[in-house]
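Since the structure comes first, as structure tokens, the remarks are kept for the end.
All of the numbers you see were taken from the coordinates with simple rules; none came from a lab. Since the model is a prediction, treat every value here as computed from it, not as a measurement. Ideal geometry is used to build each Cβ from the backbone, glycine not excepted, and the neighbour counts take in all protein chains shown.
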Amino acid sequence: MPPWLPTDLCGRIQMAETSDSSGEQPAWQGDQAPCVYCGQVIDRSTDRCPHCRTSFSVAVRQASREVVGDWYYLDPRNPSGRGVTFETLIKMIEKGRIKADSVVRGPTTHHDWMYAAETPRLAKYLGMCPHCFAEAKPEDTFCTSCQLKMNMRPGAPRPGIPPDLVKEPFHKDAYEMEQKLAETAAGTTEAPAAVPAPTPPPALAAAPTPRPESTPSATAAAAAAALADTGTAVADRPSRIVASAARRGRPKLWLVLILTWVTLIPVLLLAYFFIPPVGNGIRSIFGITTPPPPPPPDPLPKVDDAWIRNRLADADEAEQAKDYALAIAVIKDIIEKTGDVSLESRIEALRRKPEEEHKARLAKLRNRLELAETFSADHRYDDALAVLRNIGKEDRSWLLSRKVDVDKMEETIRAAQTQYVKQKKQQEQLTAMLTQAADLRTSKKPAEALSVYTQIGNTFPNGLVAAHIDLAATIQQLQAEIAAATPPPPPPPPPDEAVKAVADMEAAAAGLEKQEKFAEALAKLEEIKTKFDQKFWPDALEDRIRQVKAKKEALEFFGIDSPKK
Ligand SMILES: [Zn+2]
Ligand SMILES: [Zn+2]
């Protein structure tokens, strides 16, 4: 178990291993599962991991997949986090999340954990050379202080630089270890080709006589490569340290092999040419039945195998760093020196790269914009904003030049979100009031219900209300209900009876007037007015009322309150 793994995670892993044999429900059928980001076992239903605190929303899931790559950084919150792209790492540096003392690993460290400050290709984005820690800029390839290439370790010295200007790396021992590892790697890659068919490598086959370097041995091949390097131009050979390390590392075995072959080859050649049976025997040992074809003429100045390998590595590296112009220049140089026109297709591929990347970038951005729009349409504004937030400054200004304003899009989404929240609140209020009104209606309180419905009509926009209820119809219905509930007025007496009753009452009023009972007479006349429809009223009823009133008042005025007896 790696020491940086939290102990509770160790526990979980052991638990998962032992739970199989317990006979209970297997772990993978349960309610818990590993977090997709950190691998800790958590509830399946949760929407954010309690350990690494990462959200499981579609936007975040998608964004995390887009940045998956072969670079790792040690995050105490998520020690088993997935790898990210180099570009992501640079963005994290810009945001201050990766610092010089952060621990990272990736292709340039051969996945050894290292301080970011010591990591080839990455350190210069932190402003320093990974070898000597002198100040450096991301656009530099070689360190201006130690003159070593900053994109790899070991790093070749700047082409054309006098060897005495190349400085030693800060951590010399670690650097030399890296060189040893690099040599071993170069040796093992040649071994399988050399052992089964002991024919010399093509570049060396051109030589008229077999040379000691063509020894079919992995170690010898590595030694030959190191030896050959010392013979090439200063610009092309690896640093002095590489050569000296190679000499120090394996001089004895190398010497033994050369001496063995130097003595053996003349003997074999003599046997081959002068003793036919022996010659056939040797041919059959090497699997050759016909004499080997004459070596092809070498029209160009001989270029060393190791040099080609180094230059191809330079081209690969430039391509990885997306410096296609440099990669093309390097390949052209190789073609010029070797005449190997098969590399032309590589140049064509490199020329197409910027266009392909441009298209890929375009597709990715379009994908993001579409995703944001889909989320926005689903009222998932936070997710939409999260998707847009990941579009960097550079992409934004580029999109703006194509009339796509991401900033404005974000603004619009935020406005829509505010509007949506407001609408949702209004909707909730409306629902509450509608429920209240409906309850009042069912509990036979139509007047109260009517007042709530009227209030709804005055408070909320018509469109919103119409989605729930036909308000006008409801109000009309309620008004009818209320009207039906009030008792009807007593039916008016039939006309004949009314005429007679009015006449009787009029007569009674006249009688009372004669007796100077003006108040009672007045009451009688008023009673006609209230009890009967106007069409039954005697002529000049109002005039008579006024006359009786005047007489009553005159009587009261003269101080005679009570009528005569
Ligand atoms: Zn997690
Ligand atoms: Zn340096």
Legend entry - Rounded FRET efficiency, nearest 0.05, which uses the C-beta distance separating T486 from R44 and R0 of 56 Å: 0.35
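Once the piece of chain linking I90 and E542 is laid out straight, how much longer is it, given 0.36 nm per residue of separation minus the C-alpha distance between them?
Value of the extension gain: 152.4 nm.
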Legend entry - segment 82-87 - phi-based ³J(HN,Hα) in whole Hz, Karplus 6.51/-1.76/1.60, Gly and Pro as x: 6, x, 10, 6, 4, 4
Inset, instruction - Before anything else, pin down the relative contact order of segment 407-520: Cα pairs under 8 Å, at least 6 apart, normalised by residue count, whole percent. - result: 17
Inset, instruction - Give me the distance in nm between label points sitting 7 Å out from Cα along the Cα-to-Cβ direction at A329 and K167, one decimal. - result: 2.5
Legend entry - Cα gyration tensor shape of segment 300-376, rounded if a/c is under 1.5, else prolate or oblate by comparing a/b with b/c: prolate
Inset, instruction - Rank the residues C49, C143 as a footprinting-exposure proxy: fewest other Cβ atoms within 10 Å of their Cβ go first. - result: C49, C143
Legend entry - Neighbour net charge for V452 - beta-carbon separation under 14 angstrom, K R +1, D E -1: 0
Legend entry - Debye log10 I(q)/I(0) at q = 0.12, 0.25 Å⁻¹ for segment 418-485, Cα point scatterers: -0.31, -1.09
Inset, instruction - Sort 477-485, 124-132 for me by packing, meaning the mean count of neighbouring Cβ atoms within 10 Å per residue, highest on top. - result: 124-132, 477-485
Inset, instruction - Enumerate the amide H contacts of V41 below 5 Å, restricted to partners 5 or more residues apart or on another chain; note that Pro and chain-start residues carry no placed amide H. - result: C35
Legend entry - K445/E370 FRET efficiency (R0 45 Å; Cβ-Cβ; nearest 0.05): 0.25
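Let me check I've understood the local charge: for D439, count other residues with C-beta under 14 angstrom from its C-beta, Lys and Arg +1, Asp and Glu -1. What total comes out?
Computed value for this residue: +2.
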Inset, instruction - In whole Hz, with x marking every Gly and Pro, tabulate ³J(HN,Hα) for segment 356-365 from phi via Karplus 6.51 cos²θ - 1.76 cosθ + 1.60, θ = phi - 60°. - result: 4, 5, 4, 5, 4, 5, 4, 4, 5, 5
Legend entry - Ranked by how many other beta carbons lie within 10 Å on average, peptides 166-178, 523-535 from highest: 166-178, 523-535
